[in-house]
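These notes are about the structure you will find just below.
The values are calculated or read from the model by the stated rules, or taken from the named source; none is laboratory data. None of these values were measured; they are calculated from a predicted model. FYI the Cβ positions are ideal-geometry reconstructions off the backbone, even for glycines, and counts take in every protein chain you see.
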Amino acid sequence: MKYYSNSVEKTYQIAAEIMKRYKSLRVFLLKGELGGGKTTFVKGFLKSLGCNENVTSPTFTIVQEYDCNEKIYHIDLYRLSDIHEAIDIGIDEYLDSGSYVFIEWPEIIEKEIDEAYIIINFKLQDINNRIIEVIEIGKQ
Amino acid sequence: MITLGIESSCDETSCGILSDGDNVLSNVILTQEIHSEFGGVVPEIASREHNKFIYEIVEKALNNAKVRMDDIDLIGITNGPGLIGALMVGIAFAKGLAMNYKKPVIAVNHIEGHILANFIVSNIKLPAVVMMVSGGHTELILMKDFGRYHVLGRTIDDAAGEAFDKVARILGLGYPGGPKIEKLAEKGDENYLKLPIAIRKELNFSFSGIKTAVMYHYRELSENDRELHRADIAASIQKTIADNLLYKVEKAVGTSKPESLILSGGVAANSYIRNKFEKFSSEIGVDFYAPPLKLCTDNGIMVAKAAYENYIRGTATYNLNPVPNLKLIEV
């Protein structure tokens with residue numbers, strides 16, 4: 001399923017829509033190049049929950065944790081070199097927690113995820129236009 | 001009074017020992033020690049593994065300071081914000097030390113540590129406007145007094161240091177990107193790419209548009225032009241980040257009328273930004289402070305300083321639970 005966004009607001013709306021469609025899932029892998037709108041997507045989802053937390057990029061902090069009605073973890077594995085480091089930061093506990101977990105740059109752990117998940121792909125077409133594509137390949 | 005501070009909130013493991021509020025006895029930072037001291041080659045990127053070295057780091061800090069655990073009066077430990085696992089390693093270690101040697105141990109907010117790092121080396125008149133900028137944080141703070149902070153603005157997406165790194169990634173410069181952009185920018189034309197001040201009306205910051213703009217621009221360039229303009233892009237981005245920071249700082253200074261302006265965090269190591277801040281401060285007649293380079297990045301001595309100040313003022317936090325999303329308490 002493909003969605004097209006030409007603004008931050010549109011990405012928020014798409015996030016709300018996708019999250020509603022997959023409301024039974026808790027694990028979401030966010031893939032795609034820099035500037036694709038991955039953090040904006042998570043921001044949009046929190047907004048759709050009526051949650052006012054300031055969503056910022058997890059690239060440096062690795063994990064951003066938000067307290068909405070339930071916990072939401074936004075993780076970026078870019079700075080980690082392999083799965084051992086991911087385990088070291090407690091990726092298993094986050095995945096097992098039953099809370100919403102969004103993972104950017106998930107490639108190093110992707111094959112080992114036991115939980116059902118979907119991949120959301122972000123593509124920057126030009127400076128204002130992005131394609132957001134949902135790929136269902138999780139072990140259901 | 002001697003305070004031992006331990007920092008292990010994310011990438012770095014460090015221990016610093018401070019006598020009273022201003023005498024640094026030692027400040028051992030793992031990534032700076034690892035190659036010479038422990039023989040192993042630990043890639044920068046795998047630095048969270050460094051938590052395994054916490055014992056050696058604390059031992060070395062004690063040795064360098066020429067003190068023993070019995071001489072320590074107070075232990076400070078970062079309890080957030082940071083990675084839960086990394087925080088827990090430090091907290092467990094600090095608790096163990098405290099129990100074994102019967103010393104008080106108090107929790108320190110990582111952000112407050114970065115702010116107070118400046119007060120180790122300078123007598124700073126308050127109130128101060130503090131621009132705390134690093135890879136993970138971008139916070140504009142009004143510091144009315146020790147322990148009395150008001151967050152005026154923060155990033156709503158990427159941190160300033162992250163903008164440096166992501167542009168470096170696009171330009172293929174490698175990690176960490178900050179120093180590489182700064183070096184490359186020396187030969188570049190900073191007016192090559194003109195990017196706006198984001199969210200002008202607020203004191204919050206937005207840096208995510210920078211990487212998108214660079215990404216898009218760079219993609220359209222031929223291989224030849226990329227080579228030709230890489231330094232220009234680096235210089236333009238550095239200028240854009242500095243301008244964005246200063247624009248909001250100027251606003252904050254205008255309304256808060258502080259005595260001093262403080263730049264802190266890892267990005268404070270960037271001399272272009274430092275110089276711009278310094279120039280601005282002298283123009284408006286406000287004292288300017290930025291920490292010595294060794295105190296810019298995460299370190300143990302800033303934790304010791306924050307622990308000491310809170311302890312003597314009776315504002316210490318004894319609850320040592322790790323809080324990954326710990327906020328600065330606003331008073």
Restricting attention to strands (runs of 3 or more DSSP E) lying wholly within segment A:74-140, give those where 1 or more residues are touching a strand residue (DSSP E or B) at 6+ places or on another chain (Cβ under 6 Å) and within 29 Å of residue B:85 (Cα to Cα).
A:100-104, A:117-126
Are any of the residues in segment B:88-110 of a type in the set (Phe, Trp, Tyr), over 15 Å from residue B:10 (Cβ atoms), in contact with a Lys or Arg (Cβ under 8 Å, 6 or more places away or on another chain) and touching a residue at least 60 places away in the same chain (Cβ under 8 Å)?
no
Note on segment B:63-90: residues modelled with pLDDT of 95 or more, in a helix (DSSP H, G or I) and of a type in the set (A, V, I, L, M) are B:65, B:69
Considering only segment A:46-63, state which residues are facing another protein chain (nearest Cβ under 10 Å) and not β-branched (Val, Ile, Thr).
A:53, A:54, A:57, A:58, A:60
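Can you pull out the residues in segment B:84-104 that are within 14 Å of chain A (Cβ to nearest Cβ) and either in contact with a strand residue (DSSP E or B) (Cβ under 8 Å, 6 or more places away or on another chain) or more than 23 Å from residue B:324 (Cα to Cα) (or both)?
B:84, B:87
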Do we find that residue B:261 is under 19 Å from the mean Cα position of the chain (by Cα), assigned by the TED database to the domain that holds residue B:129 and within 30 Å of residue B:144 (Cα to Cα) in this structure?
yes
Enumeration of residues in segment A:102-140 that are within 14 Å of chain B (Cβ to nearest Cβ) and in contact (Cβ under 8 Å) with a residue 12 or more places away in the chain:
A:104, A:105, A:108, A:122, A:123, A:124, A:128, A:129, A:130
Scan of segment B:10-48 for residues that are at pLDDT 90 or above and within 14 Å of another protein chain (Cβ to nearest Cβ), ordered by number:
B:13
What helices (runs of 4 or more DSSP H) completely inside segment B:253-331 contain at least 2 residues that are more than 14 Å from chain A (Cβ to nearest Cβ) and without any contact (Cβ under 8 Å) to a residue 24 or more places away in the chain?
B:271-284
Of all residues in segment A:19-36 being more than 12 Å from chain B (Cβ to nearest Cβ) and part of a loop (DSSP other than H, G, I, E, B), which is nearest to residue A:97 (Cα to Cα)?
A:26
Taking segment B:108-117 and the residues there that are more than 10 Å from the chain's Cα centre (by Cα) and farther than 26 Å from residue B:206 by Cβ, the one that is nearest to the other protein chains (Cβ to nearest Cβ) would be B:108
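Does any residue of segment B:226-240 turn out to be outside any helix (DSSP H, G or I), surrounded by 23 or more Cβ atoms within 10 Å (Cβ to Cβ) and touching a residue at least 40 places away in the same chain (Cβ under 8 Å)?
Initially, segment B:226-240 is screened for residues outside any helix (DSSP H, G or I), giving none.
No; the residues of segment B:226-240 include none that is outside any helix (DSSP H, G or I), surrounded by 23 or more Cβ atoms within 10 Å (Cβ to Cβ) and touching a residue at least 40 places away in the same chain (Cβ under 8 Å).
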For segment A:37-60, give me each residue that is surrounded by fewer than 24 Cβ atoms within 10 Å (Cβ to Cβ) and outside any helix (DSSP H, G or I).
A:49, A:50, A:51, A:52, A:53, A:54, A:55, A:60
Checking residue A:77 against (1) more than 11 Å from every other protein chain (Cβ to nearest Cβ); (2) touching a residue at least 60 places away in the same chain (Cβ under 8 Å); (3) buried (at least 19 other Cβ atoms within 10 Å of the Cβ), only one condition comes out false. Which one?
(2)
Kindly provide the set of residues from segment B:154-199 that are small (Gly, Ala, Ser) and surrounded by fewer than 18 Cβ atoms within 10 Å (Cβ to Cβ), ordered by number.
B:172, B:174
Would you check if residue B:171 is more than 13 Å from residue B:239 (Cα to Cα), of a type in the set (A, V, I, L, M) and out of contact with any Cys (no Cβ under 7 Å at 6 or more places or on another chain)?
yes
So, in segment B:125-182, of the ones that are acidic (Asp, Glu) and within 13 Å of chain A (Cβ to nearest Cβ), which residue ends up farthest from residue B:314 (Cα to Cα)?
B:165
The condition from (1) of a type outside the set (D, E, K, R); (2) part of a helix (DSSP H, G or I); (3) facing chain B (nearest Cβ under 9 Å) that residue A:66 misses is numbered (2)
Restricting the search to segment B:183-222, which residues are within 12 Å of chain A (Cβ to nearest Cβ), of a type in the set (Ser, Thr, Tyr) and more than 23 Å from residue B:153 (Cβ to Cβ)?
B:216, B:218
